[in-house]
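Q: To start, I am sharing the structure in question, which I have written as structure tokens.
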Amino acid sequence: MKVTGFTFIRNAIIYDYPVVEAIRSVLPICDDFVVAVGDSEDATLELIANIDPQKIRIIQTTWDDSLRKGGRVLAVETDKAFQSISADSDWAFYIQGDEVVHEKYLEVIKNAMVKWKDNPEVDGLLFNYLHFYGSYDYVGSSSQWYPHEIRVIRNTKSIFSYRDAQGFRKGDNQKLRVKAIDAYMYHYGWVKEPAVMKLKRENFHKLWHSDTWLEKNVAKKGEFEYSGIDALQLFKGTHPAVILDRIAIKNWKFDYDIAFSNLSLKDKFKLFLRKYLGIEIGYRNYIKI
């Protein structure tokens, strides 16, 4: 069985993406790894090149910043990396630049890939998610956070990145048929020093909206305000080993009263169904089999 990892990135240093940790977290179960590095205003290319030259293959890309509708450019860049994976790979392991896999899940993931490798009915593997917010001590607990997503896909080129690169589809816009696995993806996209977080959000909005919208809706000064969140809970587990150095140098403070909740009745009902009955209500970009 051959496994190839893949991702895309641009301006990782400016926006403080833990992309090095992301890639290193899955390298142990990848035979090789493709990174689509977009034209950057910092040393992102050198950063990626120094991770593991034996395993990592870089393709340099130019982002089409005119693709603003729905964050489409993110899917385009994802597809560039995926399409560059050689045909002899069985599985493609996708990880975004702010996601990290805990080492305790690597064997679970690898075993699932072995188990379903020769079953063509299985298009991919579905991961659970933890979304950290504000600091490394809190995770989102409302239904606004997606609880699952596909991160391992069969190396079939009819599969493509969907919408803003959150998930995948195949063929004529069909949902993938996936097996859920007992492994978590740790999402750190909402954990940054507040000034950097504001820069990242401004840049993110540029991938979705026009300049006119940005002028009206995005403040030019100040820091990102983390307090505007509906509900969080304390994280009581351990973080992946690859991100511990980053956590150790965190230089801002964020405290949250977990007793506070601004959840709507609808959100509370959804969470009740998910927690006690295992029922999920809402959009799902996959078919569990």
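Q: Take the residues in segment 96-108 that are of a type in the set (A, V, I, L, M) and surrounded by 22 or more Cβ atoms within 10 Å (Cβ to Cβ), then tell me which one is farthest from the chain's Cα centre (by Cα).
A: VAL101
Q: Right, here's the next one. Does ASP42 qualify as being of a type in the set (Asp, Glu) and farther than 16 Å from PRO18 by Cα?
A: no
Q: I would also like to ask the following. Mind checking which strands (runs of 3 or more DSSP E) fall wholly inside segment 95-155 and carry at least 3 residues that are in contact with a His (Cβ under 9 Å, 6 or more places away or on another chain)?
A: 124-133
Q: Same structure again: Which residue, of LYS104, LYS55, LYS110, is among the charged types (D, E, K, R), in contact with a helix residue (DSSP H, G or I) (Cβ under 8 Å, 6 or more places away or on another chain) and free of Cβ contacts under 8 Å to residues at least 40 places away in the same chain?
A: Numbers: LYS104 fails: in contact with a helix residue (DSSP H, G or I) (Cβ under 8 Å, 6 or more places away or on another chain); LYS110 fails: free of Cβ contacts under 8 Å to residues at least 40 places away in the same chain.
That would be LYS55, the only listed residue that is among the charged types (D, E, K, R), in contact with a helix residue (DSSP H, G or I) (Cβ under 8 Å, 6 or more places away or on another chain) and free of Cβ contacts under 8 Å to residues at least 40 places away in the same chain.
Q: Still on this structure, please answer the following. List every residue pair whose Cβ atoms sit under 9 Å apart, with the two residues 6 or more apart in sequence or on different chains, where the first one lies in segment 21-34 and is modelled with pLDDT of 95 or more and the second, anywhere, is of a type in the set (Phe, Trp, Tyr) and part of a helix (DSSP H, G or I).
A: Going by the 9 Å Cβ cut-off, the qualifying pairs are VAL34/PHE82.
Q: Name, by its number, the condition in (1) surrounded by fewer than 16 Cβ atoms within 10 Å (Cβ to Cβ); (2) small (Gly, Ala, Ser); (3) assigned to a loop (DSSP other than H, G, I, E, B) that does not hold for SER40.
A: The failed condition is (1).
Q: Right, next: Out of the residues in segment 148-172 that are under 12 Å from the mean Cα position of the chain (by Cα) and not β-branched (Val, Ile, Thr), which is nearest to GLY71 (Cα to Cα)?
A: Checking each candidate, the answer is ASP164.
Q: Still on this structure: Identify the single condition in (1) over 14 Å from the mean Cα position of the chain (by Cα); (2) under 14 Å from TRP63 (Cβ atoms); (3) β-branched (Val, Ile, Thr) that ILE9 does not satisfy, given that it satisfies every other one.
A: Failed condition: (1).
Q: Moving to a separate point now. Can you say whether SER84 is modelled with pLDDT of 95 or more, among the small types (Gly, Ala, Ser) and either over 18 Å from the mean Cα position of the chain (by Cα) or buried (at least 18 other Cβ atoms within 10 Å of the Cβ) (or both), as far as the supplied structure shows?
A: So SER84 passes the test.
Q: Say we look at segment 239-254 and pick out the residues that are out of contact with any Pro (no Cβ under 8 Å at 6 or more places or on another chain) and surrounded by 10 or more Cβ atoms within 10 Å (Cβ to Cβ); which of these is farthest from LEU106 (Cα to Cα)?
A: Taking the candidates together, the pick is PHE254.
Q: Sticking with this structure for a sec: Going by what's in this entry, would ASP79 be described as within 16 Å of the chain's Cα centre (by Cα), more than 27 Å from SER135 (Cβ to Cβ) and buried (at least 16 other Cβ atoms within 10 Å of the Cβ)?
A: In short, yes.
Q: Residue by residue through segment 48-75, note down the ones that are assigned to a helix (DSSP H, G or I), hydrophobic (A, V, I, L, M, F, W, C) and surrounded by fewer than 18 Cβ atoms within 10 Å (Cβ to Cβ).
A: First pass over segment 48-75, keeping only residues assigned to a helix (DSSP H, G or I): 48-49, 69-75.
Next, from what is left, pick out any that are hydrophobic (A, V, I, L, M, F, W, C): 48-49, 73-75.
The answer is ALA49, and nothing else.
Q: Another question, then. Taking segment 180-196 as the region of interest, how many residues are buried (at least 20 other Cβ atoms within 10 Å of the Cβ) and either free of Cβ contacts under 8 Å to residues at least 60 places away in the same chain or not charged (D, E, K, R) (or both)?
A: So the answer is 8.
Q: If you don't mind, another one. When you go through ILE258, ILE247 one by one, which is the residue that is modelled with pLDDT under 80 and within 26 Å of TYR184 (Cβ to Cβ)?
A: ILE258
Q: Scan segment 215-232 and tell me whether some residue there is of a type outside the set (Gly, Ala, Ser), closer than 28 Å to VAL26 by Cβ and modelled with pLDDT under 95.
A: Of segment 215-232, the ones of a type outside the set (Gly, Ala, Ser) are 215-218, 220-221, 223-226, 229-230, 232.
Narrowing the set further to residues that are closer than 28 Å to VAL26 by Cβ leaves 232.
Now restrict to residues that are modelled with pLDDT under 95: 232.
Checked against the condition, which is being of a type outside the set (Gly, Ala, Ser), closer than 28 Å to VAL26 by Cβ and modelled with pLDDT under 95, segment 215-232 yields at least one hit.
Q: Of the residues GLY38, GLY70, GLY5, which is on the phi > 0 side of the Ramachandran plot and either in contact (Cβ under 8 Å) with a residue 12 or more places away in the chain or of a type in the set (Lys, Arg) (or both)?
A: Values: GLY38 fails: on the phi > 0 side of the Ramachandran plot; GLY5 fails: on the phi > 0 side of the Ramachandran plot.
Of GLY38, GLY70, GLY5, the one residue that is on the phi > 0 side of the Ramachandran plot and either in contact (Cβ under 8 Å) with a residue 12 or more places away in the chain or of a type in the set (Lys, Arg) (or both) is GLY70.
The values are calculated or read from the model by the stated rules, or taken from the named source; none is laboratory data. Source: prediction; values computed, not measured. Heads up, the Cβs are rebuilt from the backbone with ideal geometry, glycines too, and the neighbour counts pull from every protein chain shown.
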